[in-house]
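Below: the structure, in structure tokens.
The values are calculated or read from the model by the stated rules, or taken from the named source; none is laboratory data. In this text the structure is predicted, and so the values were computed from the model without any measurement. Every residue, glycine among them, receives a Cβ derived from its backbone with ideal geometry; neighbour counts consider all protein chains shown. The area values use the complete protein model at the heavy-atom level, side chains included, leaving out ligands, DNA and RNA. Shrake-Rupley method; radii C 1.70, N 1.55, O 1.52, S 1.80 Å.
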Amino acid sequence: MSESTVVEIDGHEVKLTNLGKQLYPSGFTKAEVIDYFVRIAPTATQHLAGRCITFRRYPDGSDADGFFEKRCNRYRPEWVPVALGPGDRRGGIEYCCVEDTATMAWAANLAALELHAPMALAEDLDTPRTLVFDFDPGPKTSIVECCRVALATQAVLDAVELRGWCKTSGSKGLQMYVPLNTEGATHQGAADFALAVGQVLERQLDGAVTTVMAKDARPGKIFVDWSQNAHHKTTIAPYSLRARPRPTVSTPVTWDEVQECADGEAELVFEAADVLSRVDEHGDLFASVLTVEQELPAPQT
């Protein structure tokens, strides 16, 4: 593949540049990033469509400083849709919507290695479609402990007849999505419920979990980050790459895999090629997050 080319994708012309540039220390090139984005697009865009997507761009590679880009690039092609989302003191700003393969390729060409998505759709920013538990390992812990906490979390959710689906963060942690997809859900209600569950886990798993945000409270513990449910927050999207030394991916996993990891029998680290193979074999393990309807229990008074 040449260093620069124009390709047609779904009737749109996409200019691709600097294709041989190495974007990961492992040697993974920009051409390989674009190839992954294009091949995963039919699956990934199901979880991106209709949302205000924040890019985290790394034009100098994953081992250099990246930057978040909320406002959709003013040089975007006219066929890249935008949606009004949370902004600044001057009001809302236009975010990119990533809804098709051509837009995925365009984003990859910008070295937007990471795609971050909110829990709400752009058409109804006040109603989260999903609740998220973000399990963040503190010093001297790992994804193994995250998986143990995830299993304990699902046990708590079982008591109120809620189901969750897990994915790796693609970095160090694990996330559990609890689909809602019903009217009446609120960001504050989701955050309050996630915090309440986290506090139950603090009592059940004494010394293993914290819901305190202070960094000095985290060594040897898993931080259950309930604040990711706030109105303005985003979480790394399913199937997004991460800016790590290797092209790891935020990857949906089964509960059997979570159990195996908790038992020390699996690492749950997946790179781009692994994820493409997993989707070919298993389909979208996160598909139910988009369709399952659940309601949070009413708060206790």
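Of these, 99, 94, which one is within 18 Å of residue 240 (Cα to Cα) and either open to solvent by less than 30 Å² (accessible area, probe 1.4 Å) or free of Cβ contacts under 8 Å to residues at least 60 places away in the same chain (or both)?
From the options 99, 94, the qualifying one is 99.
Can you report the number of residues in the stretch 112-132 which are free of Cβ contacts under 8 Å to residues at least 60 places away in the same chain and either over 15 Å from residue 48 (Cβ atoms) or in contact with a helix residue (DSSP H, G or I) (Cβ under 6 Å, 6 or more places away or on another chain) (or both)?
Selection size over the stretch 112-132: 2.
Could you list all residues from the stretch 184-196 that are within 27 Å of residue 115 (Cβ to Cβ) and either in contact with a helix residue (DSSP H, G or I) (Cβ under 7 Å, 6 or more places away or on another chain) or open to solvent by 50 Å² or more (accessible area, probe 1.4 Å) (or both)?
186, 187, 188, 190, 191, 194, 195
Need the failing condition index for residue 226 against (1) in contact with a helix residue (DSSP H, G or I) (Cβ under 7 Å, 6 or more places away or on another chain); (2) open to solvent by 40 Å² or more (accessible area, probe 1.4 Å); (3) more than 20 Å from residue 164 (Cβ to Cβ); (4) hydrophobic (A, V, I, L, M, F, W, C), just the number.
(3)
I'd like to verify a number: residues in the stretch 66-86 that are over 20 Å from the mean Cα position of the chain (by Cα), open to solvent by 50 Å² or more (accessible area, probe 1.4 Å), over 18 Å from residue 37 (Cα atoms) and not aromatic (Phe, Trp, Tyr), how many?
Adding up the residues that qualify gives 3.
Enumerate the strands (runs of 3 or more DSSP E) found wholly within the stretch 141-244, keeping only those where 2 or more residues are without any contact (Cβ under 8 Å) to a residue 24 or more places away in the chain.
Output list is empty.
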